[in-house]
1. Determine which single condition D184 fails, assuming it passes every other condition in (1) buried (at least 16 other Cβ atoms within 10 Å of the Cβ); (2) in a helix (DSSP H, G or I).
2. Out of region 37-61, which residues are surrounded by fewer than 22 Cβ atoms within 10 Å (Cβ to Cβ) and charged (D, E, K, R)?
3. Give region 141-160 a look and list any residue that's buried (at least 16 other Cβ atoms within 10 Å of the Cβ), farther than 22 Å from A120 by Cβ and touching a Pro at 6+ places or on another chain (Cβ under 9 Å), or say none.
4. D155 passes all but one of (1) of a type in the set (D, E, K, R); (2) under 23 Å from D33 (Cα atoms); (3) not in a helix (DSSP H, G or I); which number fails?
5. Tell me the residue from V206, V245 that is farther than 18 Å from G67 by Cα, buried (at least 21 other Cβ atoms within 10 Å of the Cβ) and touching a strand residue (DSSP E or B) at 6+ places or on another chain (Cβ under 6 Å), please.
6. Could you list, in sequence order, all residues of region 169-195 that are within 16 Å of Y119 (Cα to Cα) and in contact (Cβ under 8 Å) with a residue 12 or more places away in the chain?
7. Exactly one condition in (1) surrounded by fewer than 20 Cβ atoms within 10 Å (Cβ to Cβ); (2) within 21 Å of G76 (Cβ to Cβ) is not met by I173; state its number.
8. Determine if region 215-227 includes at least one residue that is touching a strand residue (DSSP E or B) at 6+ places or on another chain (Cβ under 6 Å) and either over 29 Å from I163 (Cα atoms) or crowded, with 23+ Cβ neighbours inside 10 Å (or both).
Amino acid sequence: MKLVVTADLHFNHRSGRAAADAAVEEINRTPGDVLLIVGDTAAGDGDMLERSLAGIIFSGPKLFLAGNHELWTASGDSYALFTEEMPRRVRSAGWQWLETDPFEADGVAIVGSIGWYDYAFAPPDLGIPRRFYEAKISPGAAGRLSEHAALLGDDVPASARDIVVRWNDGRHISLGRSDESFLDECLSNLRRSLTIVTASKVLAAVHHVPFAELMPPRRAPTFDFVRAFFGSPRLGEQLAGDLRVSHVLCGHTHSTADVHIGSLRAVNIGSTYTAKRVLTITL
């Protein structure tokens, strides 16, 4: 089985639209048996998602995973968007909703999850209390915004007060539950998918990062703060615990990595806003 895969097309991002269009052209001329998109195709509001998917011409099964950007909405209910509206829209567009509908053919299964984050990848040496990650805003940014000023306290080191950044999921996503609870649900869906497939070889796709080995290197403190929202090692623990899993693919961080973890190959696809990657993997 030849799998064509990409991630992070971000059709809503103006500076990356040309690169996304070029990636679609590459997909349309790449031969393969199955097509997989690993999240962040377009934001949930409007019809950009449908317009994006309509431009992709592929004769085989087309598998779709949502990323965090698909949950961005002005409606105030990202959870309903993810569990009800988005699956319906994706299926209506002729794609398979991989989150709950695993794919299986010719002795190979493909399972998927949006994944999510639990702040486990947050660098402890920053000394930032957990409440800032829950609010998705750094101490320096909280100090500049009156609605978040109450987060500050004596337990915040001076160096952390110089970190000014916010993670925009906090502004555009409302799940009605904690990030950890949502991750629990995603892990439950993933366990179910692994349970119902019978193939001896499994490829798993998750939008968020499941292994520390797929994380980008540390940089400036502002970038290091947002590492908390890149994924969770709980995803990797679950996948590595199933000996049938031969490949794990992710995206989200816009950084490329390709490593072996035990007997499985783990790949961060690494599309950026302005440079997309389309991979072909033979299973």
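Where a number appears in this text, it was derived from the coordinates with a stated rule and is not lab data. Given the structure is predicted, the values throughout are model-derived calculations rather than measurements. Every residue, glycine as well, gets a Cβ built from its backbone with ideal geometry; the counts of neighbours run over all protein chains shown.
1. Just one mismatch for D184, condition (1).
2. Within region 37-61, D45, D47, E50, R51 qualify.
3. Matches in region 141-160: L152 only.
4. (2) is the only condition that D155 fails.
5. Numbers: V206 fails: farther than 18 Å from G67 by Cα.
When all the criteria are applied, what remains is V245.
6. Within region 169-195, D169, G170, R177, S178, D179, E180, F182, L183, C186, L187 meet the criteria.
7. (1)
8. No; the residues of region 215-227 include none that is touching a strand residue (DSSP E or B) at 6+ places or on another chain (Cβ under 6 Å) and either over 29 Å from I163 (Cα atoms) or crowded, with 23+ Cβ neighbours inside 10 Å (or both).
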